Amino acid sequence: MITLVLGGSGSGKSEFAEDYVVGKGSLPRYYIATMVPMDEECEKKVLRHRDMRKEKQFQTVERYTHVGDLSFEEEGIILLDCMSNLLANELYRKEGRNKNTAHIIVSDLVTLASKAKELVIVSNDVFCEGKEYDAFTMQYLDCFASVHRELAKVADQVVEVVYGIPIYEKGGIGHETTCK
Amino acid sequence: MKLVVGGYGQGKAAFACEKFGFRAEEVVDGREASLEELAAAKVVRNYHLYLRRLMEQGESLEKANDELLKRNPHVILIADEIGCGLVPLEAAEREYRDVVGHLLCKVAAEAEQVYRVFCGIGRRIK
């Protein structure tokens with residue numbers, strides 16, 4: 001089962017996703033951290049997120065690319081935070097796969113999901129800014145949006161988090177208002 | 001008239017085609033199309049960019065929008081949601097979001113149906 005959790009910066013999407021996982025009961029909880037800590041700002045963010053997870057009993061796995069290759073001792077519930085970092089890593093890091101990236105990431109995540117009872121994927125919603133960037137950035141945005149659309153297709157639930165409030169775009173509460 | 005909105009790259013045109021039974025080739029792109037082409041179109045994408053062009057040419061968006069809807073009252077208009085980023089430094093960019101945003105509010109108010117597409121998933125919001 002795949003749940004996709006999307007929201008803007010500071011929307012409360014990570015906290016929502018963590019609490020959602022905790023709410024699933026006593027399954028082993030794995031946390032895949034995808035951000036490469038490159039400077040002080042990143043370190044601060046990591047500390048804030050670690051602090052948020054302290055009481056929630058996650059095993060943290062740092063993984064920047066190739067998430068489909070991970071294996072786990074016990075079948076549990078996996079939280080991956082955040083897909084936008086994974087995408088940037090796969091696109092721009094030396095060890096990343098920089099061709100056909102959107103397709104590869106979706107296929108990696110589906111493989112990852114098959115190794116757990118549930119995979120919860122957190123990603124950033126950056127598409128309502130109304131700005132036209134240079135070709136390089138637009139290419140990144142196109143790839144990003146395409147991963148979201150493909151993931152939404154295979155996901156059982158798609159949740160948009162607005163300041164901590166979940167809006168179920170697919171599955172869950174309220175899905176009856178969405179239309180084909 | 002129907003309005004389909006959503007963020008950049010969310011699959012709005014594909015949703016509209018599937019939902020209302022049109023082919024991708026039938027969708028006219030507001031980025032470049034003329035008023036004549038829009039008046040004859042079944043589905044118009046990037047309507048916000050059409051409005052942006054008019055704004056840059058100093059034309060009245062309201063007048064142009066009224067004329068289009070008079071000539072093509074059953075058109076399906078597709079536009080990006082554009083107002084959720086940082087407030088831009090350039091005055092013209094700030095004006096664009098406000099003016100086009102307000103015009104799209106008027107379009108939504110007049111539309112029989114309004115859909116919002118998120119990640120390829122359409123939801124009727126009016």
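The values are calculated or read from the model by the stated rules, or taken from the named source; none is laboratory data. What you see is a predicted model; the values in this text were computed from it and never measured. All Cβ positions, glycine included, derive from the backbone under ideal geometry; neighbour counts span all protein chains shown. Just the protein is used for accessible areas: all its heavy atoms, side chains included, with ligands, DNA and RNA removed. Shrake-Rupley method; radii C 1.70, N 1.55, O 1.52, S 1.80 Å.
Overview of results
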| quantity | calculated |
| --- | --- |
| Among residues of the stretch A:117-138, those that are closer than 24 Å to residue B:90 by Cα and either in a helix (DSSP H, G or I) or within 11 Å of chain B (Cβ to nearest Cβ) (or both), counted | 13 |
| Any helices (runs of 4 or more DSSP H) falling wholly within the stretch B:1-85 and containing at least 2 residues that are within 13 Å of chain A (Cβ to nearest Cβ) | B:12-20, B:47-56 |
| Residues of the stretch B:89-110 classified as among the aliphatic types (A, V, I, L, M) and exposed (fewer than 12 other Cβ atoms within 10 Å of the Cβ), total | 4 |
| Complete set of residues in the stretch A:27-84 that are of a type in the set (Gly, Ala, Ser), within 15 Å of residue A:115 (Cα to Cα) and open to solvent by less than 70 Å² (accessible area, probe 1.4 Å) | A:68, A:76 |
| Failed condition for residue A:171, given (1) surrounded by 19 or more Cβ atoms within 10 Å (Cβ to Cβ); (2) within 14 Å of another protein chain (Cβ to nearest Cβ); (3) in contact with a strand residue (DSSP E or B) (Cβ under 6 Å, 6 or more places away or on another chain) | (1) |
| Unmet requirement for residue A:151, which otherwise passes all of (1) open to solvent by less than 60 Å² (accessible area, probe 1.4 Å); (2) under 26 Å from residue B:114 (Cβ atoms); (3) part of a strand (DSSP E or B); (4) aliphatic (A, V, I, L, M) | (3) |
| Matching entry among A:84, A:14, A:9 (being in contact (Cβ under 8 Å) with a residue 60 or more places away in the chain, among the small types (Gly, Ala, Ser) and under 19 Å from residue A:156 (Cα atoms)) | A:14 |
| Pick from the stretch B:101-126, criterion under 28 Å from residue A:147 (Cβ atoms) and assigned to a helix (DSSP H, G or I), ranking: modelled with the highest pLDDT | B:104 |
